[in-house]
Amino acid sequence: MTLDDLELGYDIPARPGMMEAEILTPALVLDLDVLERNLATMAAEAKAHGMRLRPHGKMHKSVDVARLQMARGAVGLCAQKVSEAEAFARGGIPDILVSNQVTDPAKLDRLAGLAAKGTRISVCVDDMQNVSAISAAATTHGIELHCLVEIDSGAGRCGVTEPQEAVALARVIEGAQGLRLEGLQSYQGAAQHIADPAQQAETLARAEDLTARTVAALADAGLPPEVVTGGGTGSYRTESASPLFTELQCGSYAFMDADYGRIEDHKGQRLDQRFGYALFVLASVISVAKPGQAVCDAGLKSLAVDSGLPRCADDDLSYLGASDEHGQIADPANRLRLNDRLRLIPGHCDPNVNLHDWFVGLRGGVVECLWPVSARGKSL
Ligand SMILES: *Cc1c(COP(=O)(O)O)cnc(C)c1O
């Protein structure tokens, strides 16, 4: 099936060659120039610090964006779920880390199936019993799965909290059939969005301390980790500067969002000065019946508001409130007219992308491409 077989306005919001103001809304749009700059910036920073870059695909869920990242030197992608990894594997991404625990034997069977079809697959582990289940899946398919011991460096999500627990897991992985011990995952998710630089530095220092003690304990046990992976858009400079980490997993840097935009580093530089806003929800004005206010067609069904309401790209406008299919816009100068298009910067890029089927790629105000959100809804 090609784009020509799809119906404009039902299946797809735009066609290549259309102007931005003609796109049917609400639509997820990507400013391709900004996206490419963001990808280049992170690739250069990782390279300058001798870090491998394995961007997180849970953010964009897009095979097309993943390919751009691979073309700029990424070693592979991260996925958060097995079905998401499948979408990337089908799209030809050769090396995927599921940066998460996979415990259901049926899902482990699918994961091992991806390796059997030639994708290099790694997965995180924080449980002895799970090591046996992963080994069983690998053995059934006659392939090798790469395992990373996950430590909980403070986010309170998955992972063991004592270096000796990590050593015990590493020993069992090392001895298990069909498994290869690859190293350690230490991702401090809760530190990413801390706006106060001093508080963030303190949180990351605690994470680095546990990572250092775990790396040392593994080395003492004769199992030094080849890979120590972690780091996100809000913290990657700390992991890059640390001698412990070998790989970065940043995701949001590619698109950015309003919540990340306000984060400052210790020198007072905002993150949106380093990475531009590439992702927008394009909305249209559908009512100007009341003075000082407009109503647009993008509400909760097309915008994720878990990290706050979207920001209007035009500074004189603000997004005040969302209901299912409506957004209230403050327009103090009463300048908006029916069908005017508005660029909204989502509060949180990851869940926002998952609300849409298509990315509309724009360059210079003209639609250049349509990309499917390849792993939309793939949360199994
Ligand atoms: C989400 C996530 C990332 C990427 O984080 P960003 O803040 O989007 O850069 C990296 N690693 C893991 C394990 C994640 O869950």
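The values are calculated or read from the model by the stated rules, or taken from the named source; none is laboratory data. None of the values given here were measured: they were computed from a predicted structure. Because the Cβ atoms are built from the backbone with ideal geometry, glycine has one as well, and the counts that use them run over all protein chains shown. With ligands, DNA and RNA removed, areas are computed over all heavy atoms of the protein, side chains included. Shrake-Rupley method; radii C 1.70, N 1.55, O 1.52, S 1.80 Å.
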Give me the pairs, please: first residue somewhere in the stretch 129-146 and part of a loop (DSSP other than H, G, I, E, B), second residue anywhere and of a type outside the set (Gly, Ala, Ser) and surrounded by fewer than 16 Cβ atoms within 10 Å (Cβ to Cβ), beta-carbon distance under 8 Å, and either six or more positions apart or on two chains.
GLU144/ARG180
Number of the condition not met by TYR260 [criteria: (1) touching a Phe, Trp or Tyr at 6+ places or on another chain (Cβ under 9 Å); (2) away from the ligand (no atom under 16 Å from the Cβ); (3) not basic (Lys, Arg)]:
(2)
What do you reckon, is VAL172 under 12 Å from GLU150 (Cα atoms) and more than 16 Å from the ligand (Cβ to nearest atom)?
no
Regarding the stretch 101-113, can at least one residue be identified that is on the phi < 0 side of the Ramachandran plot and within 14 Å of the ligand (Cβ to nearest atom)?
yes
Check whether at least one residue in the stretch 264-275 is crowded, with 22+ Cβ neighbours inside 10 Å and on the phi < 0 side of the Ramachandran plot, and report yes or no.
yes
Taking the stretch 111-126, which residues are open to solvent by 10 Å² or more (accessible area, probe 1.4 Å) and among the polar types (S, T, N, Q)?
THR119
Can you spot a residue in the stretch 356-372 that is within 16 Å of the ligand (Cβ to nearest atom), in contact (Cβ under 8 Å) with a residue 12 or more places away in the chain and either in a loop (DSSP other than H, G, I, E, B) or among the aromatic types (Phe, Trp, Tyr) (or both)?
no
Considering the stretch 174-193 alone, what residues qualify as being within 20 Å of HIS141 (Cα to Cα) and either free of Cβ contacts under 8 Å to residues at least 12 places away in the same chain or in contact with a Lys or Arg (Cβ under 8 Å, 6 or more places away or on another chain) (or both)?
GLY175
Matching entry among ALA278, ALA298, ALA241, ALA221 (being loosely packed, with under 15 Cβ neighbours inside 10 Å, away from the ligand (no atom under 13 Å from the Cβ) and among the small types (Gly, Ala, Ser)):
ALA241
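Restricting the stretch 43-84 to residues that are of a type in the set (Lys, Arg) and within 13 Å of the ligand (Cβ to nearest atom), which is nearest to TRP358 (Cα to Cα)? Write out each step before concluding.
To start, the set of residues in the stretch 43-84 that are of a type in the set (Lys, Arg) comprises 47, 52, 54, 58, 61, 67, 72, 81.
Going one step further and asking which of them are within 13 Å of the ligand (Cβ to nearest atom), we end up with 54, 58, 61, 81.
On the way: ARG54: 24, LYS58: 15, LYS61: 11, LYS81: 20 Å.
Among them, the one singled out is LYS61.
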Please name all residue pairs, on different chains or six or more residues apart, with Cβ atoms under 7 Å, provided the first residue is in the stretch 224-238 and is closer than 16 Å to ASP272 by Cβ and the second residue is more than 7 Å from the ligand (Cβ to nearest atom) and open to solvent by 20 Å² or more (accessible area, probe 1.4 Å).
GLY234/HIS193; ARG237/ASP265
Which number in (1) among the hydrophobic types (A, V, I, L, M, F, W, C); (2) within 16 Å of the ligand (Cβ to nearest atom); (3) open to solvent by 10 Å² or more (accessible area, probe 1.4 Å) marks the one condition that ILE151 misses?
(3)
What helices (runs of 4 or more DSSP H) lie completely within the stretch 218-298 and have 3 or more residues being touching an Asp or Glu at 6+ places or on another chain (Cβ under 8 Å)?
236-241
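Quickly run through the stretch 331-359 and pick out the residues that are open to solvent by less than 70 Å² (accessible area, probe 1.4 Å), more than 16 Å from MET59 (Cα to Cα) and either hydrophobic (A, V, I, L, M, F, W, C) or within 15 Å of the chain's Cα centre (by Cα) (or both). Can you show your working first?
The initial filter retains those residues of the stretch 331-359 that are open to solvent by less than 70 Å² (accessible area, probe 1.4 Å), namely 331, 336, 340-356, 358-359.
With the extra rule that they be more than 16 Å from MET59 (Cα to Cα), the set shrinks to 331, 336, 340-344.
Answer for the stretch 331-359, where residues must be open to solvent by less than 70 Å² (accessible area, probe 1.4 Å), more than 16 Å from MET59 (Cα to Cα) and either hydrophobic (A, V, I, L, M, F, W, C) or within 15 Å of the chain's Cα centre (by Cα) (or both): LEU336, LEU342, LEU344.
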Restricting to the stretch 36-75, give me the number of residues that are of a type in the set (D, E, K, R) and in contact (Cβ under 8 Å) with a residue 40 or more places away in the chain.
7
